Amino acid sequence: MIEAHALTKRYGEKTAVDTVSFTIAPGSVTGFLGPNGAGKSTTMRMIVGLDRPSAGTVTVNGRPYDRHRSPLREVGALLDAKAVHPGRSARSHLRTMAATHSIRKNRVDEVIEMTGLANVADKRVGGFSLGMGQRLGIAAALLGDPRTLILDEPVNGLDPEGVQWVRQLVRGLAAEGRTVFLSSHLMSEMAQTADQLLVIGRGRIIAAGPVQEVIDSVSGAGVRVRSPRAAELQALLQAEGIAVTSPEAGTLDLVGTSVERVGDLAFAHAIPLHELSPRSGSLEEAYMSLTQDAVEYRSEPTAARPRTTSERGQER
């Protein structure tokens, strides 16, 4: 379990994390979302003692990270997959880590097999691809067989098979009763992986709870209807005060109602329905709505610059 109380981190006049409080419970996967610069990495670094809080407290399994006698057996963390000497092999790196906690050597072999590194375990890490580096970082996080796992962007650089593997891995660990806390910018993957969400913006928690509950709190539950008499049904629904949009001919998307209410109304007016189904917004839509005022680094569209004569010549 991870517990934070009024956790705060300031860098001079800038407040990176502002009186944040949360509990990450065991037995589920908690996704940590937020724009760049929102305070995600700083929060994770404070959990594992790499940054000292300016105020507040954070504990893992009941203690501050640096109070655990064997931290790797309590908390496994992937915060920077590149934090490995490039001249060492993956096996050498893991064995060195294991020696600091008297972890048996065959555990190193186990995590190498588990993370798909067997064919490259004795090669220098400096030659690893981004995906292989991520796998090594996950292997290091798993080395102490910890009760709590903290992963910052674990699927970054992985191919689809690797992304699916991480999803199955973290969900399996959570099913064993472990605490799993991970961040990602891939909303579609987070929607499939996480049970709970913690959304941060400008250093403050702006949403927390089960994934579907967070989505519904923003977009609201809705209903999709298809009918050959959609225009007539739309008029009836709007007369009832129901918000209606029509994404295409014959199709209606409704907000603020239920399938039962729509079905009863259509039946009462003998309007045939070809589809009547509940519909909820996506995690990406909810995330964009929640964080629209919390984006610190925003890209602006730019018009294409005309090419010069010399640039056109260089292309030939």
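Summing +1 for each Lys or Arg and -1 for each Asp or Glu, what net charge is found among the other residues whose Cβ lies under 11 Å from the Cβ of Thr179?
-1
Choose one of Gly203, Phe181, Ser89: the residue whose Cα lies farthest towards the positive end of the charge dipole of the chain (beta-carbon charges +1 Lys, Arg; -1 Asp, Glu; about the Cα centre).
The residue sitting farthest along the positive end of the dipole is Ser89.
Sort 93-105, 34-46 by packing, meaning the average of other beta carbons within 10 Å per residue, with the highest value first.
34-46, 93-105
From the helices alone, meaning DSSP H stretches of at least four residues, give me the mean residue ellipticity at 222 nm for the chain, per-run term -39500 (n - 2.57), in deg cm²/dmol to the nearest 500.
Theoretical 222 nm ellipticity from helices: -10500 deg cm²/dmol.
Find the all-direction average of the projected area of the Cα convex hull for region 221-279, expressing the result in square nanometres with one decimal place.
3.3 nm²
Relative contact order for region 137-194: what percent, with Cα pairs under 8 Å and sequence separation of 6 or more?
Computed value for region 137-194: 41 percent relative contact order.
What are the ³J(HN,Hα) couplings of region 141-155, residue after residue, when phi is run through the Karplus curve with 6.51, -1.76, 1.60 and θ = phi - 60°? Round to Hz, x for glycine and proline.
Coupling constants for region 141-155: 5, 8, 3, x, 6, x, 7, 10, 10, 10, 10, 9, 6, x, 9 Hz.
Relative contact order of region 2-209: what whole-number percent is it, with Cα pairs under 8 angstrom and at least 6 residues apart?
In percent, rounded to a whole number, it is 31.
Cβ neighbours within 10 Å, averaged per peptide: list 109-115, 200-206 in order, most packed at the top.
200-206, 109-115
Pull up the DSSP beta bridges for the chain and report the antiparallel fraction as a percent, rounded to 5.
Taking every DSSP beta bridge with both residues in the chain, the antiparallel ones total about 65 percent.
With N residues in the chain, what two-decimal value do you get for its Cα radius of gyration over 2.2 N^0.38 Å?
1.26
What is the sum of charges around Ile215, taking Lys and Arg as +1, Asp and Glu as -1, for the other residues whose C-beta is under 12 Å from the C-beta of Ile215?
Net local charge, Ile215 excluded: -3.
Values quoted throughout were computed directly from the atomic coordinates according to the rules given, and no laboratory measurement underlies them. Computed from a prediction, not measured in an experiment: that's the story for all the values here. Note that each Cβ is placed from the backbone with ideal geometry, even for glycine, and that neighbours are counted across all protein chains shown.
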